[in-house]
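Each remark here refers to the structure printed beneath this line.
The values are calculated or read from the model by the stated rules, or taken from the named source; none is laboratory data. No experiment lies behind these values; they were computed from the predicted model shown. Positions of Cβ are generated from backbone atoms using ideal geometry, with glycine treated the same way; all protein chains shown enter the neighbour counts. Surface areas here come from the heavy atoms of the whole protein model, side chains and all, with no ligands, DNA or RNA. Shrake-Rupley method; radii C 1.70, N 1.55, O 1.52, S 1.80 Å.
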Amino acid sequence: MNRNESYAHKYDGALLGTGLMAGLLLNRIGQVILVMFGASILVFLMIRVLPGDPVLMMLGEYATAEKIEQVREDMGLNQPLHVQYLTWTAKLLRGDFGRSFRNGELISRELSTRLPATAELGLIALAVGSLFGIMLGVIAAMKKGSFWDHGVMLVAVAGIAVPVFWIGLLLLMVFTVVWPVLPVGGRVGVLTSLPGPTGFVLLDGIIAWKPQLVWEGVRHLILPVVSLASYPAAAVARVTRSSMLEVLNLDYIRTARAKGVRMLNVVMRHALRNALIPIVTIIGLSIGPVIGGAVLTETVFGWPGLGRYTVAAITSRDFPAVQAIVFLSALVFAATNVLVDLAYMFINPQVRN
């Protein structure tokens, strides 16, 4: 094969790989659309089978029947369920989540003010938990059967078994009462204003070059991040250990060790890379527990995000707000699965075939 034929072969292979990736992406997007359609139906119906009348909760028990009927008609609650669903989905496709039953505010505006807080907390917690989980899992695999191995697995089991709100309460008691070195809650101090424009405290502090704001944001993030990162760290550590043990027993690893390659180089350059697929999978699946754990974590630490907004919406039977939050959470989880599938193709090119 001459040089031109070699270039043509590589070019055809690149086009084939690109076509497979595009086909996989379109297939996954189609699956996401179907999943979100099913999720919208489930969310709409499950909210309405719960006991209680949101109109009565809004107006109080002494409201007249005429007033209750008027409010139900204004909100469209007296229409058949299928009409309510079609109306809701039509608005949803336009990005309109409706108005809150509690205060009449646009839900899209409410979400936009709270989403950055939850996103900052969740992304940092997932990143910290994943990094620590991989590190602990690698140590446990390299020290199989040792004190370190048993210690890491004990911590992993505790991280999965212990609820995040209990960890949060324990951290609050230790670091704000017994040893008061960290703030009790919130994103920043009461007298501190956020400069914008992203709504992320750390990023906005860096953009505006306010080191004091960054430091204040870090101090407020420590306790909720540690609490929320406990589950992903434990789950990733368990999967990393088992995946690494499988890879470390393969022939090419033993050959590299026989040639005198340092164990650390073998692990970082060869073993860990080939063990990443199950690790990436569990990181993607940890998005769900992180979203669910954010509700309890934000409640414990007074974090002004979607978690506390969700609790308030459920308590007051605010149908549109609950529907919007659950639908948005399902969309994030479904999109994460698509990103995980695409990550497989970069980690292991054989997945493209």
For the pair residue 70/residue 112, report the inter-label distance in nm, with labels modelled 7 Å from Cα in the Cβ direction. 3.2 nm
Starting from the residue with the highest accessible area, list 270, 220 in decreasing order, probe 1.4 Å. 270, 220
Express in Å², to the nearest 10, the accessible area of residue 230 obtained by rolling a 1.4 Å probe over the protein heavy atoms while all chains stay in place. 20 Å²
If you work out Cα extents along the principal axes in Å from the coordinates, which of (1) 68, 56, 50; (2) 86, 61, 42; (3) 94, 55, 52 do you get? (2)
Averaged per residue, what accessible surface does region 224-317 expose to a 1.4 Å probe, in Å²? 45 Å²
With 0.36 nm assigned to each residue of separation and the Cα-Cα distance removed, residue 161 to residue 93 gains 20.6 nm
R0 = 45 Å: FRET efficiency of residue 79 with residue 215, Cβ-based, nearest 0.05? 0.30
Mean residue ellipticity (222 nm) of the chain, computed from DSSP H runs ≥ 4 via -39,500 (n - 2.57), nearest 500: -24500 deg cm²/dmol
Relative contact order (%) - criterion: Cα under 8 Å, at least six apart; region: the chain: 27 percent
Quick check for you: which residues of region 136-159 have the amide N under 19 Å from the point 7 Å beyond the Cα of residue 273 toward its beta carbon? 138
Given a Förster distance of 45 Å, the FRET efficiency implied by the Cβ-Cβ spacing of residue 49 and residue 259, rounded to the nearest 0.05, works out to 0.10
How far apart, in nanometres, would the label points at residue 207 and residue 149 be if each is projected 7 angstrom from Cα along the Cα-to-Cβ direction? 4.9 nm
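If region 147-287 were replaced by its equivalent ellipsoid, with semi-axes equal to the square roots of 5 times the Cα gyration tensor eigenvalues, what would those be, largest first, whole Å?
Details: eigenvalues 292, 84, 37 Å².
After scaling each eigenvalue by five and taking roots: 38, 21, 14 Å.
Which helices pass in the chain if a helix is a full DSSP H run, must span at least 30 angstrom along its long axis by Cα, and must have mean Kyte-Doolittle hydropathy not below 0.0? Walk me through the numbers on the way to the answer.
Details: long enough: 3-48 (67 Å, 0.82); 107-142 (50 Å, 1.32); 211-248 (46 Å, 0.77); 319-347 (42 Å, 1.87).
The answer, listed by residue number, is 3-48, 107-142, 211-248, 319-347.
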Report, to the nearest whole %, how much of the accessible area of the chain belongs to carbon and sulfur atoms, 1.4 Å probe, protein only. 68 percent
